[in-house]
Amino acid sequence: MKADDRALPTYEDVVAAAARLAGHAHRTPVMTSRTTDEESGASLFFKCENLQRMGAFKFRGAFNALSRFDERQRRAGVVAFSSGNHAQAIALSARLLGMPATIVMPQDAPGAKVAATRGYGGTVVFYDRYTEDREAIGRDLAQEHGLTLVPPYDHADVIAGQGTAARELFEETGPLDALFVCLGGGGLLSGSALAARALAPGCKVYGVEPEAGNDGQQSFRSGHIVHIDTPQTIADGAQTQHLGQLTFPIIRRDVDDILTVSDRQLADAMRFFAARMKLMVEPTGCLGFAAARAMGEPLRGKRVGVIISGGNVDIERFCALLA
Ligand SMILES: *Cc1c(COP(=O)(O)O)cnc(C)c1O
């Protein structure tokens, strides 16, 4: 089976995901700011997924994927490899749905993340990131114990779940002229693009990556998935090395362009969110706003959506980044 033969998720899948998430995920607020509107000459609408359960949109995709497990899969449980928001999203969703979760994390993962994952009831299995291959460990665990592996972005149910955030945004604002979405492996961007094409066909959809890790931009422009080394950036949720077999074709088809911003621009956006909007946003969550700010003139007079993807950052790190 070639990658492009695989069924891509559609907007109908986003609608079905929204029904599964109702009553479980928060319908997060859409915020506006007089200051950003004055600064940009545009009307900006911020979809605050930093206020989602476990602090990021990843709850949507994880809960949607786990909701679709059959009886056998539920009994055996789920396995995921992640040191970030996907780990917590899987652990929390599994607990809510009454199934066991195993999370494969690097030995040197931050203590707070390990504690948060365990706090949600997940069993943490460590690996050595310098000598062991986490995907192989995940696959072995899946095989030995009959666990179902749920990847962080390249999965139809994950993509459909992530698309529900943009769907809620459009439901609230009506059609927009542009939408800015943070981009790592492309689950959030491809899901958002499905919602945009269905609900606001004229809306320009932009994916935004850290400058140091512009594999998505290279892939988008070249027409094939480009792999890069793990990029050095403060946007730790976007340190992915490549787009997915499912996310890439949707992004190529439904996204208008992929933009990049510097770590400096991300830190400035973090400061702005904290000082002016009283929002604690993690560096990766600032990608969309940083790019909208940098675009400037072309957005004048336009109605613009920005997805704030998450707010999980240690207070100490938050302060250090702003210092
Ligand atoms: C995972 C994550 C992203 C990137 O999402 P993808 O679906 O991998 O593109 C962006 N922001 C935050 C806060 C995340 O946790």
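Bear in mind that the values in this text are calculations on the coordinates, not laboratory data. If you're wondering where the values come from, they're calculated on a predicted model, not measured in any experiment. Cβ atoms come from the backbone with ideal geometry, glycine included; neighbour counts cover every protein chain shown.
Once you order the gyration tensor axes a ≥ b ≥ c over the Cα atoms, which shape class does segment 118-193 get: rounded for a/c under 1.5, otherwise prolate or oblate by comparing a/b with b/c? Taking the square roots of the gyration eigenvalues as a ≥ b ≥ c, segment 118-193 is prolate. For the chain, the 222 nm mean residue ellipticity estimated from helices alone, with every DSSP H stretch of n ≥ 4 adding -39500 (n - 2.57) and the total spread over all residues, rounds to -13500 deg cm²/dmol. Neighbours of I137 by Cβ distance under 14 Å: Lys/Arg scored +1, Asp/Glu scored -1, total -3.
Distance from the Cα centroid of segment 178-223 to that of segment 258-272 is 17 Å (rounded to whole angstrom). Please state the relative contact order of the chain as a whole percent: Cα pairs under 8 Å, 6+ residues apart? Dividing the mean separation by the residue count of the chain yields 21 percent. If you fit an axis through the alpha-carbon atoms of helix 11-21 and take the longest principal axis of the Cα set of the chain, what angle between them do you get, 0 to 90°, nearest 10? It is inclined by approximately 70 degrees.
Taking square-rooted eigenvalues a ≥ b ≥ c of the alpha carbon gyration tensor, is segment 2-138 rounded, prolate or oblate, where a/c under 1.5 means rounded and, failing that, a/b exceeding b/c means prolate? Verdict is prolate for segment 2-138.
For C286, neighbours were defined as the other residues whose beta-carbon sits under 14 Å from its Cβ, and their charges (Lys and Arg +1, Asp and Glu -1) total -1.
If you take the square roots of the eigenvalues of the alpha-carbon gyration tensor of segment 31-73 and sort them as a ≥ b ≥ c, do you get rounded (a/c under 1.5), prolate (a/b over b/c) or oblate? Cα axes put segment 31-73 in the prolate bin.
When I307, I137 are arranged by Cβ crowding within 10 Å, least crowded first, meaning fewest neighbours, the order is I137, I307.
Helix 85-97 versus the longest principal axis of the chain: what angle, 0 to 90°, nearest 10, using Cα atoms? Taking the Cα atoms of the chain, the angle to 85-97 is about 60 degrees. Across segment 19-148, the relative contact order, built from alpha-carbon pairs under 8 Å that are at least six residues apart, equals 20 percent. Karplus-based coupling profile of segment 147-153, in residue order and whole Hz: 6, 9, 7, 10, x, x, 9, with θ = phi - 60° in 6.51 cos²θ - 1.76 cosθ + 1.60 and x standing for Gly or Pro.
For Q88, the shell of other residues with beta-carbons less than 15 Å away shows a net charge of +2, using +1 for Lys and Arg and -1 for Asp and Glu.
The 3J(HN,Hα) values that the Karplus relation (6.51, -1.76, 1.60; θ = phi - 60°) gives for segment 23-32 are, in residue order, x, 10, 8, 6, 7, 6, x, 9, 10, 10 Hz. Gly and Pro appear as x. The lysines whose alpha-carbon is closer than 29 Å to the alpha-carbon of K47, local same-chain residues fewer than 8 away aside, are K58, K113, K204, K278, K302. Taking 0.36 nm per residue of separation and subtracting the Cα-Cα distance, full extension of the segment from L97 to T32 would add 20.0 nm.
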